[in-house]
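These notes are about the structure you will find just below.
Derivation of every value follows stated rules applied to the coordinates shown; laboratory data play no part. These figures come from a predicted structure and were not determined experimentally. Every residue, glycine among them, receives a Cβ derived from its backbone with ideal geometry; neighbour counts consider all protein chains shown.
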Amino acid sequence: MVVLAIISEYNPFHNGHLYHLQKSLEITKADATVAVMSGNFTQRGEPALFDKWTRTEAAIKSGINLVIELPVCYSTSSAELFAFGAVSLLERLGIVNYLSFGSEAGNIDELLMISRILANEDKYFKIYLKKFLKDGFSFARARQMALNELNLNGNLIISPNNILGVEYLKWLIRLNSNIIPITIKRIGSEYYQQKLNETLFISSATSIRKVLNDGDLNRVKKHLPFGSFEVIEKAVLCGKKPIFTKDMENILYYELVKNDNIEEIFDVSEGLHRRIKEMVYKSYSLEDLLLKIKTKRYAYSRLSRILFHTIIRYTKKEAGIFNETGPLYARVLGFDSTGRKLLSSINEKCCIPVITNLGKQYRDLNDTARKMLDKDILSTDIYSILSSLGNIMLSKDFIKSPVIIGK
């Protein structure tokens, strides 16, 4: 069985994702697909529109066969660590032949040239990078400028999907993986496009979320595959409201006011904790807080992740361990009949525990794996509080079974 892997957030699963899936299957001739998907919080440290089981159902009804959760320690980290977690997880499954990702470049060779420089830690690149960081540039900008100094197209890694694609390739190289990478050129709206594309009906997730934030579900119908829209419509009719960053304000402010150890949180560097603490009392919203903290060195997305990490209390000590180990379990969120066959193969070849029933399997994990999983569990509980309309249900990770579509 030829297996295609996709690393995703599917927030939500839209027509662009469907195009990417179909083109990837066409090129690879794969028999089955596995998606490693972010759980309830995304790479920018923001809550997903809908919980991970709802998004899993939408993905499976749109053509994915098996969905496995990317632990929150990686799903809410930088592009480098997001990619490390996802690629490591795919490698440990032992059954993946291809990894496909979308990119603005659409040219795997261009991206590979940059990836090899990063993976092998070219000494001249490191010299330039250190210089530009010392000059006060953000890591992303310093890296781009360092690549330009080596006569490579550093401008390629300005675009969000190119950035992630380069990181996926870098980790495939570093892990000496046999997984074959391919890339599909993005079509339709650009990543940050705010308006729906009413011509191709391939719109950015940003624009779709914006319309849903305005409460206009029917406007996005043509921009989602039928299965995805059906799942979202059903969720809304059953009382599940889409969750947005603003919904985090109260719990985040509470945590920042209460917490006197912000300096221990992962990625908080010298002096930033004092700036955060000071600006909490000078801001009037989460958006305002981020704008007041933001500097040339600290990008908006990095700060957003740091603030989320204060809520789940993700410390530098924990990150030091998890960023060495990689994912220590494969949490199954859902599958169809083909995905069930994939699971059988994974159970035979996977070098980490495959979790389908957390209530029964939690105590069988080693201490480090449990500590990693505890962050996922805490994140789910926080999401449950954010999405509650009066009846809060905690410990969903221990209660919910994987989504199963078909026999």
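Which residues' amide hydrogens lie under 5 Å from the amide hydrogen of Leu333, considering only partners 5 or more residues apart or on another chain, with H built in the peptide plane?
Amide H to amide H, under 5 Å and 5 or more residues apart or across chains, Leu333 pairs with Val67, Ile68, Glu69.
Can you tell me how much longer the chain between Asn155 and Leu378 gets when fully stretched, taken as 0.36 nm per residue apart minus their C-alpha distance, in nm with one decimal?
76.5 nm
Any chance you could get the radius of gyration and Dmax over the Cα atoms of the chain, in Å?
For the chain, the Cα-based Rg and Dmax read 20.5, 59 Å.
Once the convex hull of the alpha carbons of segment 32-109 is built, what does its volume come to per residue, in cubic angstrom?
Residue-normalised Cα hull volume stands at 118 Å³.
Roughly how many whole Å is it from the C-alpha centroid of segment 150-178 to that of segment 197-211?
Between the Cα centre of segment 150-178 and that of segment 197-211, the gap is 26 Å.
Once you charge only the Cβ atoms, +1 for Lys and Arg and -1 for Asp and Glu, what is the size of the charge dipole of the chain about its Cα centre, to the nearest 20 debye?
200 debye
Tabulate in residue order the Karplus-calculated ³J(HN,Hα) for segment 227-238, using 6.51 cos²θ - 1.76 cosθ + 1.60 with θ = phi - 60°, rounded to whole Hz; enter x for Gly and Pro.
x, 5, 4, 4, 5, 5, 4, 5, 4, 5, 5, 8
Report the extension gain between Asn250 and Ser269 in nm, rounded to one decimal, defined as 0.36 nm multiplied by the number of residues separating them, less their alpha carbon distance.
Full extension of this stretch gives 4.4 nm more.
Quick one: which residues, 5+ away or cross-chain, put their amide H under 5 Å from the amide H of Leu99? H built at 1.01 Å from N.
HN-HN under 5 Å from Leu99: Ala5, Ile180, Ile182.
Among Ser285, Leu333, Tyr298, which residue has its Cα positioned farthest towards the positive end of the charge dipole of segment 218-367, with +1 placed on the Cβ of Lys and Arg, -1 on the Cβ of Asp and Glu, and the dipole taken about the Cα centre?
It is Ser285.
Starting from the Kirkwood Rh over alpha-carbon pairs, what translational D in µm² s⁻¹ does segment 245-320 have by Stokes-Einstein at 37 °C and 0.692 mPa s?
Stokes-Einstein gives a translational diffusion coefficient of 267 µm²/s.
Residue-wise, which Karplus ³J(HN,Hα) couplings in Hz belong to segment 322-337, taking 6.51 cos²θ - 1.76 cosθ + 1.60, θ = phi - 60°, and x for glycine or proline?
5, 7, 9, 7, x, x, 10, 6, 10, 8, 7, 9, x, 6, 10, 5
Please report how far the C-alpha centroid of segment 317-376 lies from that of segment 110-148, rounded to the nearest whole angstrom.
Going from one Cα centre to the other spans 34 Å.
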